[in-house]
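To start, the structure under review is shown below, and the notes come after it.
Throughout, read-outs are computed from the coordinates displayed, never taken from laboratory work. All of these numbers come straight from a predicted model, not from anything done at the bench. FYI the Cβ positions are ideal-geometry reconstructions off the backbone, even for glycines, and counts take in every protein chain you see.
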Amino acid sequence: MNAPPLASELGLVLCHACGLACDNRDHPTQCPRCAAPLHERKPESLTRTWAYLIAALVFYIPANLLPVMNTKLFGAGDDSTIMSGVLEFWAHGSWDIALIIFIASIAVPATKFVALGLLLVTVQRGSTWAQRQRSKLFRFVELIGYWSMLDVIVVALVAALVKFQALGDIEPRLGILFFGMVVVFTMLAAMSFDPRLIWQPPNGKEPAHE
């Protein structure tokens, strides 16, 4: 069976903003629907993705070491990091909240670091290894990226609940800001990566057929 035609063979280019398949035979510079700039590949994709990923890794260290909230119950205050919060919720029987925080705050960012790092290294080496699986891996990274803010939401909900019941007071700490920066930079890294580079051979001329 013949391989399906490439977008370049059909004279098409995809708009990165609205997803419209645009006629590229006259080499237009803007999308006719949303007026966004058109590129056959995202400009400086690998450089920008590496920059965002390294920035996220830098912020990930203080996000886990610094306290994310301070809890005051009946006059006694205590700072909590992400991991200590997970252990505290688990010890008090709230294993579901502990599991959500652990997945969203530790497992998800770590998975995104490993997955994006793997994609970047294999693309830069011009690897043709497991191209279909790597494309699925990128889509998985995009999917889980939106769940990374669960920890921030949990802190906000717990703070609102404690204040509402007048049991004490909860204040955010600097760690939650660093964690928010980790989420933002990992999402920017995923958005900057061009998955079509996975199918591009080492010569960089044409994407490889499946």
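The magnitude of the dipole of segment 39-146, with charges of +1 and -1 set on the Cβ of Lys/Arg and Asp/Glu and taken from the Cα centre, is near 700 debye. What the phi angles of segment 42-48 give under the Karplus curve with 6.51, -1.76 and 1.60, with θ = phi - 60°, is a coupling list of 4, x, 6, 4, 5, 4, 5 Hz, glycine and proline written as x. Amide H contacts for Leu20 (H built 1.01 Å from N in the peptide plane; partners 5 or more residues away or on another chain; cut-off under 5 Å): Cys15.
DSSP loop GluC sites (Glu not before Pro) in segment 21-117 with at most 15 other Cβ atoms within 10 Å of their Cβ, which ones?
Here the sparse-neighbourhood loop sites are Glu40, Glu44.
Once backbone amide H atoms are built at 1.01 Å from N, Met69 has Ser80, Arg173 as its partners under 5 Å, excluding neighbours fewer than 5 places away on the same chain. Label zone of Thr29 (point 7 Å out along Cα→Cβ, amide N under 19 Å): in segment 37-54 this covers 37-44. Once backbone amide H atoms are built at 1.01 Å from N, Leu12 has Asn24 as its partners under 5 Å, excluding neighbours fewer than 5 places away on the same chain.
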